[in-house]
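I am attaching a structure below and will ask some questions about it afterwards.
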Amino acid sequence: VSGRDSSAAEQAVRIVSGTPEQTERIGQTLAPSLQPGDVIALSGPLGAGKTRFVIGLARGLNAAARVRSPSFTLVNEYGGRIKLAHVDLYRLEEGANAQASLGLDERLELGALVVEWGERLPHALLDPALHITFDLVSEQSRALTASAGAGRGLELLAAWTCLVRESGDKA
Ligand SMILES: Nc1ncnc2c1ncn2[C@@H]1O[C@H](COP(=O)(O)OP(=O)(O)OP(=O)(O)O)[C@@H](O)[C@H]1O
Ligand SMILES: [Mg+2]
(Lines give C-alpha, C1' and ligand atoms only; values in the text may rest on other atoms or scores of the structure.)
(Ligands and ions follow the chains in the order given, each with its own letter.)
Protein backbone atom coordinates (compact mmCIF):
# COMPACT_ATOMS: atom_id res chain seq x y z
CA VAL A 1 0.00 0.00 0.00
CA SER A 2 1.42 3.36 -0.91
CA GLY A 3 0.64 6.77 -2.28
CA ARG A 4 -2.11 8.22 -0.17
CA ASP A 5 -3.60 11.06 -2.18
CA SER A 6 -5.93 13.41 -0.39
CA SER A 7 -7.17 15.95 -2.89
CA ALA A 8 -10.47 17.27 -1.49
CA ALA A 9 -12.63 14.39 -0.21
CA GLU A 10 -11.33 11.88 -2.78
CA GLN A 11 -8.93 9.38 -1.24
CA ALA A 12 -6.83 6.89 -3.19
CA VAL A 13 -4.59 4.01 -2.18
CA ARG A 14 -2.38 1.94 -4.47
CA ILE A 15 -1.78 -1.78 -3.86
CA VAL A 16 0.49 -3.94 -6.00
CA SER A 17 -0.22 -7.64 -6.56
CA GLY A 18 2.49 -9.93 -7.88
CA THR A 19 0.41 -13.09 -8.44
CA PRO A 20 -3.20 -14.15 -9.10
CA GLU A 21 -3.29 -15.70 -5.61
CA GLN A 22 -2.23 -12.40 -4.08
CA THR A 23 -5.04 -10.62 -5.91
CA GLU A 24 -7.45 -13.18 -4.42
CA ARG A 25 -6.05 -12.56 -0.94
CA ILE A 26 -6.41 -8.82 -1.39
CA GLY A 27 -10.06 -9.39 -2.34
CA GLN A 28 -10.56 -11.72 0.61
CA THR A 29 -9.29 -9.01 2.95
CA LEU A 30 -12.18 -6.73 1.93
CA ALA A 31 -14.83 -9.28 2.99
CA PRO A 32 -14.99 -8.60 6.75
CA SER A 33 -15.83 -4.92 6.15
CA LEU A 34 -18.61 -5.57 3.64
CA GLN A 35 -22.25 -4.88 4.56
CA PRO A 36 -25.55 -5.15 2.67
CA GLY A 37 -26.00 -2.03 0.54
CA ASP A 38 -22.29 -1.68 -0.28
CA VAL A 39 -21.15 -1.24 -3.90
CA ILE A 40 -17.65 -2.22 -5.09
CA ALA A 41 -16.97 -0.98 -8.65
CA LEU A 42 -14.10 -2.77 -10.43
CA SER A 43 -12.55 -1.19 -13.55
CA GLY A 44 -9.69 -2.20 -15.82
CA PRO A 45 -8.99 -4.00 -19.09
CA LEU A 46 -9.77 -7.61 -20.03
CA GLY A 47 -7.62 -10.01 -18.02
CA ALA A 48 -6.66 -7.41 -15.42
CA GLY A 49 -7.74 -9.58 -12.48
CA LYS A 50 -11.22 -8.34 -11.60
CA THR A 51 -12.73 -11.83 -11.46
CA ARG A 52 -9.75 -13.10 -9.45
CA PHE A 53 -10.45 -10.38 -6.92
CA VAL A 54 -14.11 -11.47 -6.68
CA ILE A 55 -13.06 -15.11 -6.12
CA GLY A 56 -11.17 -13.97 -3.02
CA LEU A 57 -13.95 -11.67 -1.88
CA ALA A 58 -16.52 -14.49 -2.08
CA ARG A 59 -14.16 -16.82 -0.21
CA GLY A 60 -13.81 -14.20 2.53
CA LEU A 61 -17.60 -14.14 2.88
CA ASN A 62 -17.62 -17.96 3.19
CA ALA A 63 -19.69 -18.26 0.01
CA ALA A 64 -20.06 -21.91 -0.94
CA ALA A 65 -20.83 -21.42 -4.65
CA ARG A 66 -18.03 -21.37 -7.18
CA VAL A 67 -17.37 -17.92 -8.61
CA ARG A 68 -17.73 -17.86 -12.38
CA SER A 69 -17.54 -14.90 -14.67
CA PRO A 70 -21.11 -13.63 -15.14
CA SER A 71 -20.25 -12.32 -18.60
CA PHE A 72 -23.24 -13.89 -20.31
CA THR A 73 -25.77 -13.85 -17.48
CA LEU A 74 -24.55 -10.38 -16.34
CA VAL A 75 -25.21 -11.25 -12.70
CA ASN A 76 -24.49 -14.19 -10.35
CA GLU A 77 -25.45 -14.35 -6.71
CA TYR A 78 -23.49 -16.01 -3.91
CA GLY A 79 -24.61 -16.70 -0.36
CA GLY A 80 -22.29 -16.41 2.63
CA ARG A 81 -21.97 -14.18 5.71
CA ILE A 82 -23.95 -11.75 3.56
CA LYS A 83 -25.30 -12.11 0.03
CA LEU A 84 -23.00 -10.96 -2.76
CA ALA A 85 -24.30 -10.11 -6.24
CA HIS A 86 -21.47 -10.38 -8.80
CA VAL A 87 -22.26 -8.25 -11.85
CA ASP A 88 -20.30 -7.93 -15.13
CA LEU A 89 -21.40 -5.04 -17.34
CA TYR A 90 -19.02 -5.78 -20.25
CA ARG A 91 -21.90 -7.00 -22.39
CA LEU A 92 -24.48 -4.54 -21.16
CA GLU A 93 -26.23 -3.13 -24.20
CA GLU A 94 -25.57 0.48 -25.09
CA GLY A 95 -28.12 2.68 -23.34
CA ALA A 96 -29.42 -0.15 -21.15
CA ASN A 97 -30.15 0.72 -17.55
CA ALA A 98 -28.38 -1.86 -15.40
CA GLN A 99 -29.97 -0.56 -12.23
CA ALA A 100 -33.44 -1.41 -13.48
CA SER A 101 -32.82 -4.35 -15.82
CA LEU A 102 -30.64 -6.25 -13.34
CA GLY A 103 -32.74 -5.36 -10.30
CA LEU A 104 -29.77 -3.79 -8.55
CA ASP A 105 -31.79 -1.76 -6.03
CA GLU A 106 -33.54 -4.91 -4.81
CA ARG A 107 -30.24 -6.80 -4.68
CA LEU A 108 -28.66 -4.01 -2.62
CA GLU A 109 -31.38 -4.32 0.00
CA LEU A 110 -30.45 -7.97 0.43
CA GLY A 111 -26.69 -7.83 0.10
CA ALA A 112 -23.60 -6.20 -1.39
CA LEU A 113 -22.73 -5.66 -5.08
CA VAL A 114 -19.37 -6.19 -6.76
CA VAL A 115 -19.41 -4.98 -10.36
CA GLU A 116 -16.90 -5.67 -13.16
CA TRP A 117 -16.78 -2.82 -15.69
CA GLY A 118 -18.31 -0.92 -12.80
CA GLU A 119 -17.67 2.48 -14.39
CA ARG A 120 -20.79 1.72 -16.50
CA LEU A 121 -23.02 1.92 -13.43
CA PRO A 122 -25.30 4.94 -13.02
CA HIS A 123 -24.04 7.76 -10.78
CA ALA A 124 -26.52 7.00 -8.03
CA LEU A 125 -24.71 3.71 -7.42
CA LEU A 126 -21.19 4.89 -8.30
CA ASP A 127 -20.99 7.96 -6.08
CA PRO A 128 -21.02 6.13 -2.72
CA ALA A 129 -19.05 3.13 -4.08
CA LEU A 130 -15.57 1.87 -3.34
CA HIS A 131 -13.78 2.06 -6.72
CA ILE A 132 -10.92 -0.27 -7.59
CA THR A 133 -9.03 0.23 -10.85
CA PHE A 134 -6.79 -2.60 -12.08
CA ASP A 135 -3.77 -1.86 -14.27
CA LEU A 136 -1.62 -4.46 -16.01
CA VAL A 137 1.97 -3.78 -14.98
CA SER A 138 3.54 -6.98 -16.34
CA GLU A 139 2.36 -10.50 -17.07
CA GLN A 140 2.11 -11.32 -13.34
CA SER A 141 1.90 -7.90 -11.77
CA ARG A 142 -1.19 -5.76 -11.31
CA ALA A 143 -1.57 -2.34 -9.72
CA LEU A 144 -4.85 -1.86 -7.88
CA THR A 145 -5.85 1.72 -7.16
CA ALA A 146 -8.64 1.94 -4.61
CA SER A 147 -10.51 5.19 -4.27
CA ALA A 148 -13.70 6.65 -2.88
CA GLY A 149 -15.31 10.04 -2.82
CA ALA A 150 -18.08 9.81 -0.26
CA GLY A 151 -19.95 7.94 2.46
CA ARG A 152 -19.63 4.17 2.70
CA GLY A 153 -16.95 4.12 0.00
CA LEU A 154 -14.61 6.17 2.20
CA GLU A 155 -15.35 3.98 5.24
CA LEU A 156 -14.67 0.81 3.25
CA LEU A 157 -11.47 2.27 1.83
CA ALA A 158 -10.15 3.10 5.30
CA ALA A 159 -11.14 -0.21 6.90
CA TRP A 160 -9.89 -2.34 4.03
CA THR A 161 -6.53 -0.65 3.42
CA CYS A 162 -5.81 -0.92 7.13
CA LEU A 163 -6.38 -4.71 6.94
CA VAL A 164 -4.35 -5.01 3.71
CA ARG A 165 -1.43 -3.29 5.46
CA GLU A 166 -1.66 -5.63 8.44
CA SER A 167 -1.70 -8.66 6.14
CA GLY A 168 1.59 -7.55 4.63
CA ASP A 169 0.42 -7.19 1.02
CA LYS A 170 2.05 -4.03 -0.19
CA ALA A 171 3.86 -2.30 -3.03
N1 LIG B 1 -1.28 -10.45 -10.15
C2 LIG B 1 -2.33 -10.99 -10.82
N3 LIG B 1 -3.59 -10.76 -10.38
C4 LIG B 1 -4.66 -11.25 -11.03
N5 LIG B 1 -4.59 -12.00 -12.15
C6 LIG B 1 -3.36 -12.27 -12.64
C7 LIG B 1 -2.19 -11.77 -12.01
N8 LIG B 1 -1.13 -12.19 -12.71
C9 LIG B 1 -1.61 -12.91 -13.72
N10 LIG B 1 -2.95 -12.97 -13.70
C11 LIG B 1 -3.80 -13.67 -14.70
O12 LIG B 1 -4.58 -12.69 -15.35
C13 LIG B 1 -5.88 -13.19 -15.61
C14 LIG B 1 -6.92 -12.36 -14.89
O15 LIG B 1 -8.18 -12.82 -15.29
P16 LIG B 1 -9.55 -12.28 -14.72
O17 LIG B 1 -10.59 -13.16 -15.30
O18 LIG B 1 -9.48 -12.13 -13.24
O19 LIG B 1 -9.60 -10.84 -15.41
P20 LIG B 1 -10.83 -9.84 -15.52
O21 LIG B 1 -10.28 -8.50 -15.13
O22 LIG B 1 -11.98 -10.36 -14.75
O23 LIG B 1 -11.14 -9.81 -17.09
P24 LIG B 1 -12.56 -9.63 -17.87
O25 LIG B 1 -12.74 -8.16 -18.09
O26 LIG B 1 -12.34 -10.38 -19.13
O27 LIG B 1 -13.65 -10.22 -17.01
C28 LIG B 1 -5.91 -14.64 -15.12
O29 LIG B 1 -5.57 -15.48 -16.19
C30 LIG B 1 -4.80 -14.64 -14.08
O31 LIG B 1 -4.21 -15.92 -13.89
MG1 LIG C 1 -13.91 -10.87 -15.27
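If the chain between residue 127 and residue 81 were fully stretched, how many nm would it gain, using 0.36 nm times the residue separation less the Cα-Cα distance?
Working: separation 46, 0.36 × 46 = 16.56 nm, distance 2.51 nm.
Gain on stretching residue 127 to residue 81: 14.0 nm.
Please list log₁₀ I(q)/I(0) at q = 0.30 Å⁻¹ for region 14-65, using the Debye equation with identical point scatterers on the alpha-carbon positions.
-1.28
Evaluate E = 1/(1 + (r/R0)^6) for residue 139 and residue 72, where r is the Cβ-Cβ distance and R0 equals 22 Å; express this FRET efficiency to the nearest 0.05.
0.25
From the phi of every residue in region 111-125, what ³J(HN,Hα) in whole Hz does the Karplus formula 6.51 cos²θ - 1.76 cosθ + 1.60 yield, where θ is phi - 60° and glycine or proline is x?
Going residue by residue, I get x, 9, 10, 10, 10, 7, 6, x, 5, 8, 6, x, 3, 4, 8 Hz, with x marking Gly and Pro.
Quick check: at a probe of 1.4 Å, how many percent of the accessible area of the chain sits on carbon and sulfur atoms?
On the way: 4130 of 8030 Å².
Carbon with sulfur: 51 percent of the solvent-accessible area.
Test of understanding: what is the full-extension gain from residue 93 to residue 158, defined as 0.36 nm times their sequence separation minus their Cα-Cα distance?
Numbers: separation 65, 0.36 × 65 = 23.40 nm, distance 3.42 nm.
Using 0.36 nm per residue and subtracting the Cα-Cα distance, I get 20.0 nm.
Now for a separate question. So what's the gap between the Cα centers of region 124-171 and region 52-112, to the nearest angstrom?
Their Cα centres are 18 Å away from one another.
Once you put a point 7 Å from the Cα of residue 150 and another 7 Å from the Cα of residue 46, both along the Cβ direction, what distance in nm separates them?
For residue 150 paired with residue 46, the spin-label model returns 3.5 nm.
Next question, about the same structure. Given the rule -39500 (n - 2.57) for each run of at least 4 DSSP H residues, summed and divided by the residues of the chain, what is its mean residue ellipticity at 222 nm, to the nearest 500 deg cm²/dmol? Please list the in-between numbers first.
Working: 6 runs with 54 residues, N = 171.
Rounded to the nearest 500, the figure is -9000 deg cm²/dmol.
Could I ask something else about it? Based on DSSP, what percent of beta bridges with both residues in the chain are antiparallel, to the nearest 5? Don't skip to the answer; put the middle values down first.
Details: 19 of 33 bridges.
Taking every DSSP beta bridge with both residues in the chain, the antiparallel ones total about 60 percent.
Moving on to the next point. Arranged from highest to lowest average of other beta-carbon atoms within 10 Å per residue, in what order do the peptides 20-33, 119-132, 98-111 appear?
On the way: 20-33: 20.8, 119-132: 17.9, 98-111: 15.3.
With the highest mean Cβ count within 10 Å placed first, the list reads 20-33, 119-132, 98-111.
The values are calculated or read from the model by the stated rules, or taken from the named source; none is laboratory data. Since the structure is predicted, the reported quantities are computational estimates derived from the model, not experimental observations. Glycine gets a Cβ as well: all are built from the backbone with ideal geometry, and neighbour counts include every protein chain shown. For accessibility, only protein heavy atoms count, side chains too; no ligands or nucleic acids. Shrake-Rupley method; radii C 1.70, N 1.55, O 1.52, S 1.80 Å.
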